[in-house]
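A short write-up of the structure that comes next.
All of the numbers you see were taken from the coordinates with simple rules; none came from a lab. None of the values given here were measured: they were computed from a predicted structure. When we count neighbours, we look across all protein chains shown, and the Cβ atoms used for this are built from the backbone with ideal geometry, even at glycine.
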Amino acid sequence: MKKTLIIGASGQIAKMTTKQLLADGKTVIALVRDKAKLADIHSDKLDIVEGDLENDFSAAFAGCDQVIFSAGSGGKTGADKTMLIDLWAACKAVDYAKAANVTHFVMVSSIGADDPSQGTDEMRPYMVAKHMADEHLIRSGLNYTIFRPGSLTDNNATGKVQTLRPGSKQEMTINREDVARALTYAIGKPELGGKVFELFNGDKTLADVLK
């Protein structure tokens, strides 16, 4: 039975993705620090595993053939936690996935990760962490797909996106639920491997733009 490991499953996007995958009949291993944060999700296809990303969490990869890394240190923490979670934990996840012979690794990154030097002083540590984690994945030899969403909003999903940057920064937004739909769409599609997609609100379907 194919299983998808979601790392950081209690985060907003990852929790939406977990629910969507379960609704699609997929088997999900949800890695979280605290099981209580997923207490509202009930499914016989869900296995919730507690783990600390700052320590060894390799056991969560057992039996999983696909992985989604959607963990983040959060906007209220400092650069130290950004390095430990967004960079170091992501790199460890890549190494664990390779050791476990994972067939597809999906990374949630961020717009700006391609060139952290363009970020603000406040955002640069985060962009550097995302950049280095992405590069580690790209060079790992794993079959990977990287999503770099724009500024996140809490609007309801529209099902319409684009991967080309809009003309202004104000337009470089994406609904969290649409990012979750993109992650869900990517699972089971190894042909999306070796690709990096920026993601914004747009006017095309996922099937149209994720090729």
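Quick rundown of the values:
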{"read-out": "Kirkwood-Stokes translational diffusion coefficient of the chain, alpha-carbon pairs, 10 °C, 1.306 mPa s, µm²/s", "value": "93"}
{"read-out": "Pairs from K26/K204; K98/K211; K35/K169; K98/K204 whose Cα-Cα separation, in the structure shown, is over 27 Å", "value": "K35/K169; K98/K204"}
{"read-out": "Nearest-20 debye value, the chain charge dipole, Cβ charges on Lys, Arg, Asp, Glu", "value": "400"}
{"read-out": "Cα gyration tensor, the stretch 92-183 - rounded (a/c under 1.5), prolate or oblate", "value": "oblate"}
{"read-out": "3J(HN,Hα) from dihedral phi, the stretch 65-71, Karplus parametrisation 6.51/-1.76/1.60, rounded to Hz, x for glycine, proline", "value": "9, 9, 9, 10, 9, 10, 7"}
{"read-out": "Stretch gain in nm, segment M123-E135, where the contour uses 0.36 nm per residue and the Cα spacing is subtracted", "value": "2.5 nm"}
{"read-out": "Global geometry of the stretch 67-119, whether rounded, prolate or oblate, following the gyration tensor of its Cα atoms and the 1.5 cut on a/c", "value": "prolate"}
{"read-out": "Ordering of 51-57, 154-160 by burial proxy (mean other Cβ atoms within 10 Å per residue, highest first)", "value": "51-57, 154-160"}
{"read-out": "Reciprocal mean inverse distance between Cα atoms of the stretch 139-211 - Kirkwood radius, Å", "value": "12.5"}
{"read-out": "Separation in nanometres of the label points that stand 7 Å from Cα toward Cβ, at D115 and D47", "value": "4.4"}
{"read-out": "From phi via Karplus (6.51, -1.76, 1.60), per-residue ³J(HN,Hα) for the stretch 112-123 in Hz, x at Gly/Pro", "value": "x, 5, 6, 8, x, 5, 7, x, 6, 4, 5, 8"}
{"read-out": "Peptides 35-46, 200-211, 130-141 ordered by average Cβ neighbours within 10 Å, highest first", "value": "130-141, 200-211, 35-46"}
{"read-out": "Per-bin percent of Cα-Cα distances, the stretch 149-191 [10 Å]", "value": "27, 51, 20, 2"}
{"read-out": "Efficiency of FRET from Cβ geometry, D208 and K81, R₀ 25 Å, rounded to 0.05", "value": "0.10"}
